[in-house]
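The block underneath contains the structure these notes are about, expressed in structure tokens.
The values are calculated or read from the model by the stated rules, or taken from the named source; none is laboratory data. Predicted model, so just to flag it, every value in this text is computed and none were measured. Cβ sites come from the backbone with ideal geometry, for glycine too, and all protein chains shown count toward neighbours. Surface accessibility is based on the protein's heavy atoms, side chains included, excluding ligands, DNA and RNA. Shrake-Rupley method; radii C 1.70, N 1.55, O 1.52, S 1.80 Å.
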Amino acid sequence: QVRLVESGGGLVQPGGSLRLSCAASGFTFSRNAMNWYRQAPGKERELVASISSGGGARSYVDSVKGRFTISRDNAKNMVYLQMNSLKPEDTAVYYCYAVGRPYWGQGTQVTVSS
């Protein structure tokens, strides 16, 4: 069965950086596009970044373009989200998601605050 385990969140000051990781199992990772979502308190879950199965195509929501980078390592079944120049409005629980597979992990909390 599909399993996604996110890690790497924490408390960081504005302008800081974090690297989120997601370990995937239970499906053929190298053939699956992957997304990162986030959900802030009182708000709907938002798609933040996407990456194709081979990693050649990536897309981002406008609010993170130029600051966040999604990447993947198909040999390790891992997907990453490098987050730079973090802002308080980036505070949320971040989730990875295997496109087309209805499963959500526990997420990882990112808090940006001074």
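Brief remarks on what is shown
- Selection of first residues in region 100-114 that are without any contact (Cβ under 8 Å) to a residue 24 or more places away in the chain and of second residues that are in a loop (DSSP other than H, G, I, E, B), restricted to Cβ pairs under 9 Å at least 6 apart or on distinct chains, gives the following pairs, ordered by first then second residue: Pro102/Val2.
- Residues in region 63-94 that are farther than 16 Å from Arg31 by Cα and of a type in the set (Asp, Glu): Glu89, Asp90.
- Applying the criterion of being under 10 Å from the mean Cα position of the chain (by Cα) and open to solvent by 60 Å² or more (accessible area, probe 1.4 Å) to the residues of region 1-55, the residue that is farthest from Tyr80 (Cα to Cα) is Leu47.
- The strands (runs of 3 or more DSSP E) falling completely within region 26-75 that include 3 or more residues that are under 16 Å from Val5 (Cα atoms) and in contact (Cβ under 8 Å) with a residue 60 or more places away in the chain map to 34-39.
- Checking each residue in region 79-114 for being under 19 Å from Val2 (Cβ atoms), part of a loop (DSSP other than H, G, I, E, B) and of a type in the set (S, T, N, Q) picks out only Gln106.
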